[in-house]
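Scroll down for the structure; my scribbles are underneath it.
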Amino acid sequence: MATLLKSDGSKQEKVNVSTLKSMQDMVGGYIEFIYLPKSKILIVDEEGRLKNYPLNQQASELCGQLIVGDVILADNSEVN
């Protein structure tokens, strides 16, 4: 199951990524996929930097680039 990595450092396990709407609601806007090794995906708000979302340290460490806002970490097979 997917995990919501919040920018405050907390996590919410087993989030629903079955619909576009559910993913958009969790990240706060239009989604963008960042593909990671081992068939993982980060799902982020594509306009997070423009919206001045806070740094998401967990997500930034996972992908090696600056990531802001709440992010969904999912397996590639979970996202349609």
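Size of the chain along its principal axes in angstrom, Cα-based, largest extent first?
On the principal axes, the chain reaches 29, 25, 20 Å in Cα extent.
Leaving out ligands, DNA and RNA, and with a 1.4 Å probe, what % of the accessible surface on the chain is carbon or sulfur?
Working: 2420 of 4830 Å².
Carbon and sulfur atoms account for 50 percent of the accessible area of the chain.
Could you sort L36, L5 by accessible area so the largest value comes first, with the probe set to 1.4 Å? Could you put the intermediate results ahead of the total?
Numbers: L36 30, L5 5 Å².
Sorted descending by solvent-accessible area, the residues read L36, L5.
Positive end of the charge dipole of the chain (Lys, Arg +1 and Asp, Glu -1 on Cβ, about the Cα centre): tell me which of S77, G48, S22 has its Cα farthest that way.
Checking the options against the dipole of the chain, the answer is S77.
I'd like the trypsin sites (Lys or Arg not before Pro) in the stretch 5-80 restricted to DSSP loop residues with at most 13 other Cβ atoms within 10 Å, sorted by number. Present the calculation step by step, with values, prior to reporting the outcome.
Numbers: sites: K6, K11, K14, K21, K38, K40, R49, K51; in loops: K6, K38, R49, K51.
The qualifying sites are K38, R49, K51.
For the chain, what does the helix formula give at 222 nm: sum of -39500 (n - 2.57) over DSSP H segments with n ≥ 4, over the residue count, nearest 500 deg cm²/dmol? Walk me through the numbers on the way to the answer.
Values: 2 runs with 15 residues, N = 80.
Value at 222 nm, helices only: -5000 deg cm²/dmol.
How many nm separate the modelled label positions at D8 and S77, each set 7 Å beyond the Cα in the direction of the Cβ?
For the pair D8/S77, the computed spacing is 3.4 nm.
Between K38 and L66, what is the FRET efficiency for a Förster distance of 22 Å, r being their Cβ-Cβ separation, to the nearest 0.05? Walk me through the numbers before you get to the answer.
Working: r = 21 Å, r/R0 = 0.98.
Plugging the Cβ-Cβ distance into 1/(1 + (r/R0)^6) gives 0.55.
Over the chain, with the other protein chains present, what is the accessible area per residue in square angstrom, probe 1.4 angstrom? The partial results should precede the final answer.
Details: 4830 Å² over 80 residues.
With all protein chains present, the chain gives 60 Å² per residue.
Taking the Cα centre of the chain as origin, work out the dipole magnitude from +1 charges on Lys and Arg Cβ and -1 charges on Asp and Glu Cβ, in debye rounded to 20.
Values: 8 positive and 11 negative charges, 21 e Å.
Dipole about the Cα centre, nearest 20: 100 debye.
So for S60, S10, S18, what's the accessible-area order with a 1.4 Å probe, most first? Don't skip to the end; give the middle numbers.
On the way: S60 20, S10 45, S18 70 Å².
Sorted descending by solvent-accessible area, the residues read S18, S10, S60.
Could you order M26, M1 so the one with the most accessible surface comes first? Probe is 1.4 Å. Could the numbers behind the result be given before it?
Values: M26 40, M1 145 Å².
Per-residue accessible area, sorted high to low, gives M1, M26.
The values are calculated or read from the model by the stated rules, or taken from the named source; none is laboratory data. Bear in mind the structure is a predicted one, so any value in this text is a computation, not a measurement. Positions of Cβ are generated from backbone atoms using ideal geometry, with glycine treated the same way; all protein chains shown enter the neighbour counts. Please note that ligands, DNA and RNA were not included when accessible areas were found on the heavy atoms of the full protein model with its side chains. Shrake-Rupley method; radii C 1.70, N 1.55, O 1.52, S 1.80 Å.
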